[in-house]
Amino acid sequence: MNIRTAYDEVPYEGASFPQSHPDRLCMFGRLYGMFPAPVTRCRVLELGCGWGGNLIPMAWHLPESEFVGLDLSVGHVEKGLSVIHDLGLRNIRIEHASILSVDDSWGFFDYIIAHGIFSWVPADVQDKILSICSKNLAPQGIAYVSYNTYPGWHMRGMIRSMMLYRAGQFDDPRKRIAESRALMDFLAEAVPAGDYYGMLINSELEIVKGSKDWYLFHDHLGEINSPLYFHKFMEFAGEKGLQYLCESEFASTITSGLSETVSNTLGRISRNIIESEQYTDFIRNRFFRQTLLCHDDVSLNRSPGVGSLNGFFVSSHVRSEGTQINLSPGVRQIFKVDESLSIETDSAPTKTAFAILSDHWPRSVHIDSLEEEISKLLWPLAKQNDAWQQQMEQTLRKDLLNYFAARVVRFRTWQADFVTVIGDKPKVSELAAYLALRDLPVTNQLHEVIKTDSLTRHLIPFLDGTRDVASLLERMSELVSERTLVVGREDSSAQDAEAIRQALIKGIDE
């Protein structure tokens, strides 16, 4: 089955990928000393864009930028063009074309995205992808390429071979998927769970169980899946005049979590950043990368300092553990990142920054405004002068860089149109309502896919700014009565009416 047929027979669902958003690419470029185009006025190309699940939300939120996608599947392109037409977008087009057909006539792009295709296409197409990332990339442009890597895929490839052996006996795609799942279930039962091989089988089974059919079909059962070592990928990229910028998933490449001895040894045996990254992959058994590339004649600052944050917006969703934050220096304060992670700091500027950012979430705060507000709040606790101000900013920015690497804070170059308070008559974006109504992945303004249950998908189309919570409850109750919406058990009866009502109230509130 060729690539064109495979994607038409089992469409790739497609969704937004935050790591590929031009704002993230722009942010990393600026962090390392580049001068990429502002995301509010740029050109973006996505290779193998599917129906546009990644590209269309970008075009919606950045109306002054231009977006171009191409895909080999007729079904994907037709679906994408239909969505673009329905949404009335004028700044995006999706072409039915081969990657091999891209030439100089396509022009230059500030950001080029190739997500989930490099490892799944023949060698000549891989070569062409990197050529496009060079020849069609603006002088200060940034390309994003994701791909499967070794050593992690040595073990995963073994599982893939077993699944292909079983799936190869069937022609029907759905049968191939079902039999592959059945084989993994059989192996999980047959192989002793206590030994290393059993642990490997069971870890892969969890991945298979959590994968949707379309992902399993194209990722694990695809005709082509060619992982490679990071250093080999960079050799190929270097031949095209490209250099390594960083990983879009930044925290995955730094040495945090490694012992001091291991970190020191990595520094001693690595002659350059490519070797350091490769050795880190060996240690962590890495199986996937999301690499950012730029032209090799671009001068990069490999050691971002406090000045690198100039002009950035900062955001964080941390919450203080306790009702009140003690801003005094030297007093340790605990902040909760998520259910499994908390951080602790006694830095007065940093504690104050977290308090401010928490109040503004999900909005970002410009770094200059953040520092100005911190100065005002700490005025009673410090003798303010130029030296204090400078020291405060140095301390704050160093902490922000460290917490950025730990995924606690985010840096942005652009402020989306967020609200921070839910009004009496809530409203979601027209894009979210459109996607929910058509059972497509719902994307928020952080370019993240929002997991939606049945209630949420039925509720979103009614969040148009004209209904208060009481009317929303009434409408959802009507859908329950019509059996259009099921809350709780399928066999819920009239005697459960109050329980259903309370579940609706709770669900709507959340």
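The values are calculated or read from the model by the stated rules, or taken from the named source; none is laboratory data. Because the structure is a prediction, the values reported are computed rather than measured. Backbone-built Cβ (ideal geometry, glycine too); neighbour counts: all protein chains shown. Side chains are part of the model used for accessible areas, which takes the heavy atoms of the whole protein and leaves out ligands, DNA and RNA. Shrake-Rupley method; radii C 1.70, N 1.55, O 1.52, S 1.80 Å.
Return only the number of the condition from (1) surrounded by 21 or more Cβ atoms within 10 Å (Cβ to Cβ); (2) at negative phi that Gly48 does not satisfy.
The one condition Gly48 does not meet is (2).
Within the stretch 95-102, does at least one residue satisfy the condition of being within 21 Å of His447 (Cα to Cα) and open to solvent by less than 10 Å² (accessible area, probe 1.4 Å)? If you could, list the steps in order and put the result at the bottom.
Filtering the stretch 95-102 for residues within 21 Å of His447 (Cα to Cα) gives none.
Within the stretch 95-102, not a single residue is within 21 Å of His447 (Cα to Cα) and open to solvent by less than 10 Å² (accessible area, probe 1.4 Å).
Only one residue in Ser226, Ser248 is polar (S, T, N, Q) and either closer than 21 Å to Ile142 by Cα or open to solvent by less than 40 Å² (accessible area, probe 1.4 Å) (or both). Which one? Can you show your working first?
Details: Ser226 fails: either closer than 21 Å to Ile142 by Cα or open to solvent by less than 40 Å² (accessible area, probe 1.4 Å) (or both).
The conditions single out Ser248.
Take the stretch 82-94 and flag every residue that is in contact with a strand residue (DSSP E or B) (Cβ under 9 Å, 6 or more places away or on another chain) and either surrounded by fewer than 17 Cβ atoms within 10 Å (Cβ to Cβ) or not hydrophobic (A, V, I, L, M, F, W, C) (or both).
Asn91, Arg93
What are the pairs with Cβ atoms under 7 angstrom where one residue, in the stretch 279-293, is more than 15 Å from Leu228 (Cα to Cα) and the other, located anywhere, is open to solvent by less than 80 Å² (accessible area, probe 1.4 Å) and among the aromatic types (Phe, Trp, Tyr)? Sequence gap at least six, or different chains.
Partner pairs satisfying both residue conditions: Leu292/Phe28; Leu292/Tyr144; Leu293/Tyr244.
Quickly run through the stretch 161-216 and pick out the residues that are surrounded by 14 or more Cβ atoms within 10 Å (Cβ to Cβ) and not in a helix (DSSP H, G or I).
Those that are surrounded by 14 or more Cβ atoms within 10 Å (Cβ to Cβ) and not in a helix (DSSP H, G or I): Phe170, Val191, Ser211.
When you go through Phe411, Phe354 one by one, which is the residue that is buried (at least 16 other Cβ atoms within 10 Å of the Cβ), in a strand (DSSP E or B), touching a Ser or Thr at 6+ places or on another chain (Cβ under 9 Å) and modelled with pLDDT of 90 or more? I'd like the intermediate steps shown before the answer.
Values: Phe354 fails: in a strand (DSSP E or B).
Phe411 is the lone residue from the list that is buried (at least 16 other Cβ atoms within 10 Å of the Cβ), in a strand (DSSP E or B), touching a Ser or Thr at 6+ places or on another chain (Cβ under 9 Å) and modelled with pLDDT of 90 or more.
Taking Val74 and the conditions (1) in contact (Cβ under 8 Å) with a residue 60 or more places away in the chain; (2) surrounded by 22 or more Cβ atoms within 10 Å (Cβ to Cβ); (3) within 17 Å of Gly14 (Cα to Cα), which numbered condition does it fall short on, given that it satisfies the others?
(2)
Tell me which residues, restricted to the stretch 41-71, are closer than 16 Å to Gly14 by Cα and either hydroxyl-bearing (Ser, Thr, Tyr) or in a loop (DSSP other than H, G, I, E, B) (or both).
Scanning the stretch 41-71 gives Gly48, Cys49, Gly50, Trp51, Gly52, Gly53, Asn54.
Is it the case, given these coordinates, that Thr443 is buried (at least 17 other Cβ atoms within 10 Å of the Cβ), in contact with a helix residue (DSSP H, G or I) (Cβ under 7 Å, 6 or more places away or on another chain), at pLDDT below 90 and within 21 Å of Leu87 (Cβ to Cβ)? Explain how you work it out, then say what you get.
Working: buried (at least 17 other Cβ atoms within 10 Å of the Cβ): yes; in contact with a helix residue (DSSP H, G or I) (Cβ under 7 Å, 6 or more places away or on another chain): yes; at pLDDT below 90: no; within 21 Å of Leu87 (Cβ to Cβ): yes.
When the stated conditions are applied, Thr443 does not pass them.
This table checks each residue for (1) more than 21 Å from His218 (Cβ to Cβ); (2) open to solvent by 20 Å² or more (accessible area, probe 1.4 Å).
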site: Asp104; (1), (2): yes, yes
site: Phe109; (1), (2): yes, no
site: Ile112; (1), (2): yes, no
site: Lys135; (1), (2): yes, yes
site: Thr149; (1), (2): no, no
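Restricted to the stretch 252-284, and to residues that are assigned to a helix (DSSP H, G or I) and open to solvent by less than 20 Å² (accessible area, probe 1.4 Å), which residue is modelled with the lowest pLDDT? Give the steps one after another, and end with the answer.
First, the residues of the stretch 252-284 that are assigned to a helix (DSSP H, G or I): 252, 260-269, 273-284.
From what is left, the residues that are open to solvent by less than 20 Å² (accessible area, probe 1.4 Å) are 266, 277-278, 280-281.
Details: Leu266: 82, Glu277: 92, Gln278: 93, Thr280: 91, Asp281: 92.
Looking at the filtered set, the residue picked out is Leu266.
Name the one entry in Asp338, Asp346, Asp296 that is of a type in the set (D, E, K, R) and either touching a Leu at 6+ places or on another chain (Cβ under 7 Å) or at positive phi (or both). Quick ask: steps written out before the conclusion?
On the way: Asp338 fails: either touching a Leu at 6+ places or on another chain (Cβ under 7 Å) or at positive phi (or both); Asp346 fails: either touching a Leu at 6+ places or on another chain (Cβ under 7 Å) or at positive phi (or both).
Selected residue: Asp296, the only one of Asp338, Asp346, Asp296 that is of a type in the set (D, E, K, R) and either touching a Leu at 6+ places or on another chain (Cβ under 7 Å) or at positive phi (or both).
Scan the stretch 164-211 residue by residue and report those that are among the β-branched types (Val, Ile, Thr) and under 24 Å from Asn285 (Cα atoms). Step through it out loud before you land on a result.
Quick first cut of the stretch 164-211, residues among the β-branched types (Val, Ile, Thr) only: 177, 191, 201, 207-208.
Correct list: Val191, Ile201, Ile207, Val208.
Taking the stretch 414-440 as the region of interest, how many residues are outside any loop (DSSP other than H, G, I, E, B) and open to solvent by 30 Å² or more (accessible area, probe 1.4 Å)? Reasoning before the result, please.
If we filter the stretch 414-440 for residues that are outside any loop (DSSP other than H, G, I, E, B), which is where we start, we get 427, 430-437.
Of the ones still in play, those that are also open to solvent by 30 Å² or more (accessible area, probe 1.4 Å) are 427, 430, 437.
Number satisfying all stated conditions: 3.
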